[in-house]
Amino acid sequence: RRMDIGCLEWEELGVRRRRRFAVSCGIGYDAAVCAGAQSSSMKNYLNRIGLGKFTYLGIGLKRMFSAKYVGTKLRLNGEKEITLKKLLFVAMMSHRYEGGGFCFCPYAKATDGLLDLCIVNGVPKWMFPFMIPFARKGKHGHFRGIKLCRAQRVEIETESPMWVHTDGEVMGRLDKITVTVSKRRLRFVY
């Protein structure tokens, strides 16, 4: 089978960097959770006993209270620029699920040549615990401050650096990224 492959691009010390991903790329809160999971001593233990999903849930709850809103400019498919005043995160996905079973992009298809986006902007932090069960099932799109959309190209520029990940691996804190997708570029056997 063939599936889409995403590509994150950014500049670091004057050098253009590129990182491909199969499932998801995120900037902000979801990437901060990945950063916490990468350095968590509990992750290996919980994975060994089959409870690895709880690593993300625990770290997610902890990071929720320290998450910062960041002013952001977002451009989809080279069109008009969208200004977001209180961005928490953007997940760009070619699959429905990421990070321990969260269905952030319930309509994503790995073969349509599009990235599905979950944009979380201006959502009060106190609402997160109420939204988590909905996000696990892909039913969070009706909450105010959450926008689900699709694009082939996403350009993001933030007022201050935010954590960025691809498939759960953290690239660091970045303030300007471009994410694209190539339709059915990866061949795999399942």
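The values are calculated or read from the model by the stated rules, or taken from the named source; none is laboratory data. Predicted model only: the values in this text are computed from it and were never measured. Cβ: placed from backbone, ideal geometry, glycine included. Neighbour counts: every protein chain shown. We work out accessible area using only protein heavy atoms, side chains counted, and drop any ligands, DNA or RNA first. Shrake-Rupley method; radii C 1.70, N 1.55, O 1.52, S 1.80 Å.
Which residue is farthest from F102 (Cα to Cα), if the candidates are limited to the range 8-18 and must be open to solvent by less than 80 Å² (accessible area, probe 1.4 Å) and among the charged types (D, E, K, R)?
Ranking the candidates gives E12 first.
Which one of these does M131 not meet: (1) assigned to a helix (DSSP H, G or I); (2) over 20 Å from K68 (Cα atoms); (3) open to solvent by less than 50 Å² (accessible area, probe 1.4 Å); (4) of a type outside the set (K, R)?
Failed condition: (2).
Among residues belonging to the range 79-122 that are more than 16 Å from the chain's Cα centre (by Cα) and among the small types (G, A, S), point out the one that is most open to solvent (accessible area, probe 1.4 Å).
Of everything passing the filter in the range 79-122, G122 is most open to solvent (accessible area, probe 1.4 Å).
If I filter the range 146-190 down to residues being closer than 14 Å to C25 by Cα and not in a strand (DSSP E or B), which single residue comes out as modelled with the highest pLDDT?
So, considering only residues that are closer than 14 Å to C25 by Cα and not in a strand (DSSP E or B), the one modelled with the highest pLDDT is Q152.
From the set of residues in the range 134-157 that are in contact with a Gly (Cβ under 7 Å, 6 or more places away or on another chain) and open to solvent by less than 90 Å² (accessible area, probe 1.4 Å), which is nearest to Y97 (Cα to Cα)?
The selected residue is R136.
Please state which one of E9, E79 is closer than 18 Å to V181 by Cα and modelled with pLDDT under 95.
The unique qualifying residue is E79.
For every residue, the table says whether it meets (1) under 28 Å from R153 (Cβ atoms); (2) open to solvent by 90 Å² or more (accessible area, probe 1.4 Å); (3) without any contact (Cβ under 8 Å) to a residue 40 or more places away in the chain.
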position: G6; (1), (2), (3): yes, no, no
position: A22; (1), (2), (3): yes, no, no
position: T55; (1), (2), (3): no, no, no
position: I59; (1), (2), (3): no, no, yes
position: L76; (1), (2), (3): yes, no, no
